[in-house]
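Take a look at the structure below.
The values are calculated or read from the model by the stated rules, or taken from the named source; none is laboratory data. Quick caveat, the model's predicted, so the values are computed rather than measured. Note that we place each Cβ from the backbone using ideal geometry, even for glycine, and neighbour counts take in every protein chain shown. Ligands, DNA and RNA are excluded from the accessible area calculation, which covers all protein heavy atoms including side chains. Shrake-Rupley method; radii C 1.70, N 1.55, O 1.52, S 1.80 Å.
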Amino acid sequence: MPGMARCLVTRELPGPALHRLRSVHEVVVWQARLPPAPNELAHAARDAEGLLTLLTDRVDAWLLEQLPRLRAVSNYAVGYDNVDLEAASRRGIPVGHTPDVLTDATADLTFALMLAAARRLPAALAAAKDGDWVTWEPAKFLGYEVRAATLGILGFGRIGRAVADRAGGFAMRVLTASARQGLSEPVKELLREADFVSLHCPLTPETHHLIGAQALELMRPTAILINTARGPIVDHHALKDALERGQIAAAALDVTEPEPLPAGDPLLQTPNLIITPHIGSATRAARERMADLAVDNLLAALDGQQMPHQANHIPALGAA
Ligand code: NAP
């Protein structure tokens, strides 16, 4: 029977899940509001066998080298682009993630952003507050219809499908394409056709800056881009340029590169652009269930078992 293991959790998590971890293992939680810098993380986790990380923590080969006792990494997110999966696999370290439980929350936010961008909500909200609502005006705040419009979904996985389900209620025509081969012919076709383009692929070398100048050029001048996947899938310089020149109508980003955007970043002044601070999974239910899955993953691996949601394949679990 494996005994108590030392675990570092890089932030307090909502809900009761961490109590379960504490009842079995020795748990230290990083208490600051900001994530640990790489050297702080290496120091805080130096004796840890289990590491529960957020997407703001970089788990790279260097960090893994600093943590000789590490046996499990559990990432509190469905995406794991912040973890060097190959380096972890080489060490025989399983990496967990939290799929499914945040699918609806993220699909809902995608729709919220689509509607907000189509109907120019930020400008309208500001006008109502700032005294610019002087009368009912026939030609002010004109936006785009969502019903029966064409929605292009890049990456038809759990969240992409949940967005397509919602699009059914708006009688939208849904096109899908895979981003696995980068800016392939099917992706180009989708970009030419769609009124709304929504990104739901993971961040990988193939999807990095997939939506750049060439992709944006293919889109309609009335098209709206939504990114609730990962910031670096969109080239921000190209997006800013496209919005300023009216090459596309609007965009909404829940994720950016970097996160957060530094004060004074030109993107914050770009017209027809909505930015939210990475809140795709931010419902109480989703975040509590993510905590449950992240703890389940860690408990299983520290007990020498396969994680319920493991992102890498470890042939034989090395229960050190
Ligand atoms: P998923 O079920 O794995 O779906 C992702 C889809 O992307 C896959 O079905 C696949 O679709 C495509 N894909 C897979 N591997 C790929 C690769 N190597 N290169 C390019 N495309 C690939 O994941 P999900 O649960 O829907 O989540 C999708 C992404 O959303 C996550 O990776 C995460 O980055 C992001 N996310 C963001 C938030 C937020 O807070 N904003 C919340 C949750 C998730 P095809 O077969 O069509 O290629």
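What the table below lists for this structure:
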{"quantity": "Lysines with Cα under 26 Å of residue 188, excluding same-chain neighbours fewer than 8 positions away", "calculated": "240"}
{"quantity": "Accessible area (Å², per residue) of the chain, counting only protein heavy atoms and a probe of 1.4 Å", "calculated": "49 Å²"}
{"quantity": "Loop-located trypsin sites (Lys or Arg not before Pro) in region 147-251, at most 16 other Cβ atoms within 10 Å (DSSP)", "calculated": "147, 180, 245"}
{"quantity": "Simple Cβ-charge dipole of the chain, Lys/Arg +1 and Asp/Glu -1, about Cα centre, in debye nearest 20", "calculated": "420 debye"}
{"quantity": "Total formal charge among the other residues, if their Cβ is under 12 angstrom from that of residue 166, Lys/Arg +1 and Asp/Glu -1", "calculated": "-2"}
{"quantity": "Viscosity 1.567 mPa s, 4 °C: Kirkwood-radius Stokes-Einstein D of region 22-122 over Cα pairs, µm²/s", "calculated": "84 µm²/s"}
{"quantity": "Residue-averaged [θ]222 nm for the chain, counting only DSSP H segments that reach four residues, each worth -39500 (n - 2.57)", "calculated": "-10000 deg cm²/dmol"}
{"quantity": "Calculated P(r) of region 1-70 - Cα pairs past 18 Å, %", "calculated": "34 percent"}
{"quantity": "Whichever aspartates and glutamates have a C-alpha closer than 19 Å to that of residue 140, once near sequence neighbours (fewer than 8 apart) are set aside", "calculated": "130, 132"}
{"quantity": "Distance histogram for region 241-320 (every C-alpha pair counted, 10 angstrom bins, percent rounded to whole numbers)", "calculated": "15, 27, 20, 20, 14, 4"}
{"quantity": "Label-point separation in nm, residue 42 to residue 173, each point 7 Å along Cα→Cβ", "calculated": "5.5 nm"}
{"quantity": "Region 136-176: proportion of alpha-carbon pairs further apart than 14 angstrom, %", "calculated": "51 percent"}
{"quantity": "Rounded percent of accessible protein surface that carbon and sulfur make up, region 26-120, 1.4 Å probe", "calculated": "50 percent"}
{"quantity": "Point-to-point label distance, residue 58-residue 288, nm (Cα→Cβ direction, 7 Å offset)", "calculated": "3.5 nm"}
{"quantity": "Most to least packed among 94-105, 298-309 [average Cβ atoms within 10 Å]", "calculated": "94-105, 298-309"}
{"quantity": "Surface share of carbon and sulfur [accessible, 1.4 angstrom probe, percent] for region 269-320", "calculated": "51 percent"}
{"quantity": "Using alpha-carbon coordinates, inclination of helix 103-118 to the longest axis of the chain, degrees", "calculated": "20 degrees"}
{"quantity": "Long-range tail of P(r) for the chain (Cα pairs > 33 Å, %)", "calculated": "32 percent"}
{"quantity": "Label-point separation in nm, residue 161 to residue 214, each point 7 Å along Cα→Cβ", "calculated": "3.1 nm"}
{"quantity": "Quarter of Cα convex hull surface for region 73-168, i.e. mean projection, nm²", "calculated": "9.1 nm²"}
{"quantity": "Nearest-ten-degree value, helix 158-169 long axis tilted from longest Cα axis of the chain", "calculated": "30 degrees"}
{"quantity": "Length-normalised contact order for region 102-184 - Cα pairs under 8 Å, 6+ apart - percent", "calculated": "33 percent"}
